[in-house]
Amino acid sequence: MMRPAQVCNRLLCALDAAEGRRRRRKRNTTPDSIGLDLKRTILEETVRQDPEPGEYEQWLTECCLNTGSASGPMLAMAREVLADWHLAQQSTFFRSWLEQGAPSDDATS
């Protein structure tokens, strides 16, 4: 089983691709940027604190509450990170993609 910090460290690579796609869009992408920044904060904090797998969901909730950022968007990003972590536990394809550095043609150089 991969630890949440391991998955989140690899997910940080995937954010580069999302940022590359966001920059190429012709519409206002400010909301996208805010969401990606929130997600990056959660991923980086997970890597820094390395919570236990069995306590990760509770840790995410407490992390949001303790930062004073328990807004709807922050909690939504925490749920997304939790779903990504669960997917990495269940999907060998997703886990393999993460282990390869989350390659994408959309990644920024």
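Please treat every number below as a calculation from the coordinates, not as lab data. As the structure is a computational prediction, the values presented were derived from the model and not from experiment. Note that each Cβ is placed from the backbone with ideal geometry, even for glycine, and that neighbours are counted across all protein chains shown.
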(request) Order these peptides, 43-51, 77-85, 6-14, by their mean beta-carbon neighbour count within 10 angstrom, highest first. (result) 6-14, 77-85, 43-51
(request) Provide the net charge surrounding Met2, with neighbours chosen by a C-beta distance below 10 Å and charges set as Lys +1, Arg +1, Asp -1, Glu -1. (result) +2
(request) Output ³J(HN,Hα) for region 8-15: one whole-Hz value per residue in order, computed from phi by the Karplus curve 6.51 cos²θ - 1.76 cosθ + 1.60 with θ = phi - 60°, and x for Gly and Pro. (result) 5, 4, 6, 5, 4, 5, 5, 5
